[in-house]
1. R0 = 60 Å: FRET efficiency of Glu462 with Lys43, Cβ-based, nearest 0.05?
2. Calculate for the chain the 222 nm mean residue ellipticity that helices alone would give, adding -39,500 (n - 2.57) per DSSP H run of length 4 or more and normalising by residue count, nearest 500 deg cm²/dmol.
3. For Asn565, project a label point 7 Å along Cα to C-beta. Then give me every residue of the range 496-538 with its amide nitrogen under 19 Å of that point.
4. Which peptide among 247-253, 154-160, 285-291, 129-135 comes first, and what is the full order, when sorted by highest mean count of other Cβ atoms within 10 Å?
5. Sort Tyr394, Tyr62, Tyr258, Tyr534 from largest to smallest accessible area, using a 1.4 Å probe on the heavy atoms of the protein chains.
6. Kindly provide the trypsin sites (Lys or Arg not before Pro) of the range 354-418 that DSSP labels as loop, not H, G, I, E or B, and whose Cβ sees at most 13 other Cβ atoms within 10 Å.
7. Accessible area per residue for the chain in Å², computed with a 1.4 Å probe and the full protein assembly in place, what is it?
8. Enter the mean projected area of the convex hull around the alpha-carbon atoms of the range 259-305, in nm², rounded to one decimal.
Amino acid sequence: MKSTLSLSLAILFLGSTSASIAQDIMPPLLPWDGKSKELLVDKSHKWVTAFELSGRLESPTYTETMAWFEKLVNSSDLLQTKTIGHSEQGRPIQMVIATAEKESSAEKLSTSQKPLILIQAGIHAGEIDGKDAGMMLLRDIAQGSKTSLLDEVNLLFIPILNTDGHERRSEYGRVNQRGPKEMGWRTNALNLNLNRDYTKLETAGINAITKVINSYDPDLYIDIHVTDGADYQYDVTYGFVATGGYSPEISDWLSTYYQPQVDQALEAEGHIPGPLLFAANNEDFTEGNVAFSFSPRFSHTYGDIRHLPSILVENHSLKPFEQRVLGTYVFLEQTIKTVGAHFNELKSAISADRNQVKESVIVKYQFRDTPADSMEFLGIASKKVKSEITGKEYVAWEGKAITQHIPNLLMDKPAASVPVPKAYWVPVEWAEIISKLRIHGIEMELLTEAKEVTMELSMVTEYKLSNQPFEGRFRFQSFELEKESRKVMLNPGSVRVRTDQPLGELLVILMEPESVDSFFQWGYFHSILSQTEYMETYIMEPLIAKMLSEDANLKKRFEEEKTSNPDFAKSPREIYRWFYMQSPYFDRNWKVIPIGREW
């Protein structure tokens with residue numbers, strides 16, 4: 001039976017392309033004939049892209065993409081390319097700089113009177129719409145009728161951030177996505193997801209983009225993706241941290257100026273813009289849309305905690321590749337116009353958020369007690385069908401437009417916060433932590449000679465690790481902490497990191513154990529959980545006798561512990577452990593997180 005099934009599948013796949021297989025199993029489409037099709041050039045055009053040349057069905061390889069950009073850049077004084085890093089497999093990660101200014105260095109662009117927009121495509125390399133849209137847009141700026149877009153802004157464009165994932169190409173990539181014909185892979189060559197890496201910085205791509213953000217200091221950051229999940233009418237969904245974030249003035253600017261103008265431009269070109277959509281139940285949107293509070297491991301929330309206006313674009317995977325790419329083009333072009341027209345207001349918002357005085361930082365959000373007002377939802381009709389394979393029902397989308405009013409479930413209620421200390425101390429031996437803080441762009445003071453410092457430390461009293469790795473790391477499933485003050489001798493090379501700095505809130509998120517994206521919760525201090533010195537019973541017996549004879553208070557506490565805890569009184573092992581912990585031989589650094597707070 002197994003060999004017959006395998007043969008049948010082989011015949012099926014050999015006799016049909018992946019595109020036709022995907023069309024056979026995809027939900028039916030709503031018709032689309034948007035005005036944005038006028039953005040396409042003829043196949044005979046000198047600067048036609050591979051996307052246009054293929055009938056809007058394909059996206060070029062890494063080599064083809066970079067060769068095309070090299071020719072375009074060489075043809076125009078408005079464009080330059082810069083290598084911002086190298087992937088795990090050694091591929092250059094390229095950035096295209098588009099500017100009408102005479103100098104394009106990071107120093108000049110970061111201090112320019114024009115706004116600087118950073119656009120990133122291919123962080124999930126199968127979701128590649130942004131690359132092909134960017135190619136068309138830069139072609140039209142450099143060799144077409146849209147040069148004037150650079151009168152008001154400067155651009156940084158990364159066509160492929162996850163270059164290795166991009167080249168893990170196949171016609172059998174994302175089965176729930178309508179094109180391109182060949183798609184790259186979500187993760188990098190180490191199977192790490194770049195859009196879970198913004199705090200821990202373990203991938204070449206995110207290290208590269210973080211350095212770009214630090215050196216160029218952009219005024220807006222756009223990260224372009226394609227969705228998974230349910231069917232609906234919207235083709236371009238996007239969002240930002242509207243509530244429950246760290247940059248309220250920026251959020252207000254995005255809601256007041258940016259979103260209305262971008263939505264209007266998309267609608268005028270025949271697209272249907274919408275908010276980020278995460279169904280409470282993917283089979284039934286009437287249960288509500290969940291507006292998650294993403295942690296700073298994600299691009300747009302990392303930008304929010306840095307007070308960098310950041311947009312997450314999620315084009316709808318069930319819409320045709322052509323429709324998604326053209327929608328992205330319209331989105332990017334209007335972004336340039338809006339930022340250029342309202343840059344003064346944007347600068348004021350960024351400045352206000354960067355100069356906030358924070359006595360505490362929220363490290364966890366939860367859902368509101370009651371849903372927000374309902375939202376109008378442009379959905380697709382569905383029905384439940386009983387499976388002949390499993391006997392259970394599944395949802396089938398019918399390709400018919402419907403309008404519903406659904407709850408909007410907001411996850412923006414503070415659930416936990418921590419007070420902000422004056423500074424953190426990191427011992428020199430934890431060099432990896434110091435290095436990551438530097439890459440983030442966090443300022444620090446370096447000790448040049450040994451110094452004794454009084455600091456507050458957190459001790460792990462109870463913990464349970466997850467039994468499954470996440471992004472290659474075993475995170476904490478639960479833990480409990482106690483805090484204590486002690487004097488610590490720090491060696492040269494240790495650092496003092498003050499919280500009164502532009503990235504102070506990011507610093508707190510990285511350093512405080514309660515934060516879901518802290519270095520502690522990502523597992524960078526697992527070595528402190530190992531006890532390396534132990535007791536021997538033949539030594540503990542005379543030691544305990546000596547301790548009891550010399551310390552009446554200790555004897556009293558021992559009797560109280562036995563009385564209050566019968567299990568303890570019956571366990572020789574726990575009794576020995578209790579005395580060992582009272583002795584000067586016990587390791588005082590065991591389970592102590594080595595990040596000190598200065599108050």
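The values are calculated or read from the model by the stated rules, or taken from the named source; none is laboratory data. These figures come from a predicted structure and were not determined experimentally. For neighbour counting, all protein chains shown are included, and Cβ atoms are generated from backbone atoms with ideal geometry for every residue, glycine included. Remember, those area values only see protein heavy atoms, side chains included, never the ligands or the DNA or RNA. Shrake-Rupley method; radii C 1.70, N 1.55, O 1.52, S 1.80 Å.
1. Working: r = 66 Å, r/R0 = 1.10.
The calculated FRET efficiency here is 0.35.
2. Value at 222 nm, helices only, nearest 500: -9500 deg cm²/dmol.
3. 531, 534-537
4. Packing order, densest peptide first, comes out as 129-135, 154-160, 247-253, 285-291.
5. Greatest to least solvent exposure: Tyr534, Tyr394, Tyr62, Tyr258.
6. Working: sites: Arg354, Lys358, Lys364, Arg368, Lys383, Lys384, Lys386, Lys392, Lys400; in loops: Lys358, Arg368, Lys392.
Filter output for the range 354-418: Lys392.
7. Accessible area per residue: 46 Å².
8. Details: hull surface 19.1 nm².
One quarter of the hull surface, i.e. the mean projection, equals 4.8 nm².
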